[in-house]
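Below is one structure, written out as structure tokens; comments come after it.
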Amino acid sequence: MKMFTYLNIQFFGIESQQKVTESFVVVIGLGGVGSHAASMLLRSGVGRLLLVDFDQVSLSSLNRHAVAARDDVGIPKALCLQKHFSLIFPECQIEARVQLFDESTEEEILSGQPDFVLDCIDNIDTKVALLAACVRRGLRVLSAMGAGARADPTRIRIADLRESTNDPLSRSVRYRLRKDYGISSGIPTVFSLEKPKVKLLPFKSPSGEEENPSDYQIVPGFRVRIIPVMGTIPAIFGQVMASYVLTQLSGLPVHTEPVVNLDLDHYLVLHQRLLEHEELVYGSTTQVLVDVEEVMYVVKELWHGRSARDQSEKEVGRKMWRSVNELMLVRWDKAKPAGVSNLILLKFKEVDEHESTTVDAIKENEPEFYNMVTQVLRRAEKDFAL
């Protein structure tokens, strides 16, 4: 048994690590993001990998590629990774395909019921086609958005495609998926909240004169101009992708940080509304057991800035800023104090109805809603060791 697999067993446990070892993952796009994601999946003991990329290792990619060296320049990226990976974890079944994903190669690449597909493609047409194919086939997929022209690793997030912001690639992919395939959500993505800091570099000939990039395209529609890249950011994108996939494969529950655009003033307002409501309904605020920091946890971590009755919605940005003006925290069970494990977020118009019923009545009349809320509040009990 390889040492890194043994160490993963210490983290996941034998049964969960076995799930990882028995998994089949497809990684499409093997540049700065995909090579790092694939490398960590390999080192974590994934038993079967399919590596797909039509491109070759270039000198310009060495600042961000996971394993490529000078001697690998000119070699197809898929074969480069296969060569290095076989030295790291020879027990892994590694298949390399020097292919472009499109309609003609879809069946060949996505057949075999992979447990996860990683989309690390930076071309919009190919990316959209892959994501639509995964949705159509019912395959789990994680998509990487733009990692170039960024520098702040603290702004990298995992969220539904519909929640990705400040990213031109996300915007284009969302539009195309909705327009061409009727897909508007349901695809997890890795993206950065940071606005790109630099622009595409001009395309110049050896003489220094600007030329038309399309004249140099090997594959129509693929970018030739260079997006300036700090090599650390694509690597972190890849590491984040690998971590997400490993926890999904192993069954380890991880709650990603929601993209909630609230500032401290909003949480102060919600805390004050809670105090006023408690005074009005219960005649006192002595049963309020949360401060502003804990209100932030309840609103952001548990309810994602949305009403408990709207958890299927993905309101973000300006829509969510507006919606918080009509939200407040109330007790789930009126017989218990207003603590972190007994608070739900509701719209004003939902509060009166909630206050007029009981938890037992909700359990009987709305079992699905009851089970969802109970599960969410159990997380608070676990997080706060209650």
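Observations
- Considering only residues in region 76-105 that are among the charged types (D, E, K, R) and surrounded by 17 or more Cβ atoms within 10 Å (Cβ to Cβ), the one that is farthest from Leu50 (Cα to Cα) turns out to be Lys77.
- Considering residues of region 48-60 that are assigned to a loop (DSSP other than H, G, I, E, B) and over 23 Å from the mean Cα position of the chain (by Cα) only, the residue surrounded by the fewest Cβ atoms within 10 Å (Cβ to Cβ): Ser58
- Cβ separations smaller than 6 Å between residues 6+ apart or across chains give the following pairs from region 268-286 residues that are farther than 20 Å from Lys300 by Cβ and of a type outside the set (Lys, Arg) to residues that are part of a helix (DSSP H, G or I) and modelled with pLDDT of 95 or more: Thr285/Leu275; Thr285/Glu278; Thr285/Glu279.
- Pairs with Cβ under 7 Å, 6+ apart, first in region 349-363 and free of Cβ contacts under 8 Å to residues at least 60 places away in the same chain and closer than 17 Å to Leu274 by Cβ, second open to solvent by 30 Å² or more (accessible area, probe 1.4 Å) and not aromatic (Phe, Trp, Tyr): Glu350/Arg309
- Failed item, numbered, when Glu91 is tested on (1) within 22 Å of the chain's Cα centre (by Cα); (2) in a loop (DSSP other than H, G, I, E, B): (1)
- So Leu81, is it within 24 Å of Gly47 (Cα to Cα), part of a helix (DSSP H, G or I), out of contact with any Lys or Arg (no Cβ under 7 Å at 6 or more places or on another chain) and modelled with pLDDT of 95 or more: yes
- Flag for Gly13 being open to solvent by less than 30 Å² (accessible area, probe 1.4 Å) and more than 19 Å from Gly231 (Cβ to Cβ): yes
- Taken over region 128-186, the criterion of being modelled with pLDDT under 95, of a type in the set (Gly, Ala, Ser) and assigned to a helix (DSSP H, G or I) is satisfied by Ser170, Ser172.
- If you go through region 132-172 and keep only what is over 15 Å from the mean Cα position of the chain (by Cα) and within 21 Å of Ile28 (Cα to Cα), you end up with Ala132, Ala133, Cys134, Val135, Arg136, Arg137, Gly138, Leu139, Gly148, Pro168, Arg171, Ser172.
- Among residues of region 281-314, those that are under 20 Å from the mean Cα position of the chain (by Cα), of a type outside the set (A, V, I, L, M, F, W, C) and assigned to a loop (DSSP other than H, G, I, E, B), counted: 7
- When Ala38, Ala78 are checked against the criterion of being of a type outside the set (D, E, K, R) and within 17 Å of Leu142 (Cα to Cα), a single residue qualifies: Ala38.
- Within region 124-167, tally of residues that are over 21 Å from Val259 (Cβ atoms), of a type outside the set (A, V, I, L, M) and open to solvent by less than 10 Å² (accessible area, probe 1.4 Å): 1
The values are calculated or read from the model by the stated rules, or taken from the named source; none is laboratory data. Here the structure is a predicted model, which is why all the values come from computation and not from measurement. FYI the Cβ positions are ideal-geometry reconstructions off the backbone, even for glycines, and counts take in every protein chain you see. Protein only, heavy atoms only, side chains kept; ligands, DNA and RNA dropped before computing areas. Shrake-Rupley method; radii C 1.70, N 1.55, O 1.52, S 1.80 Å.
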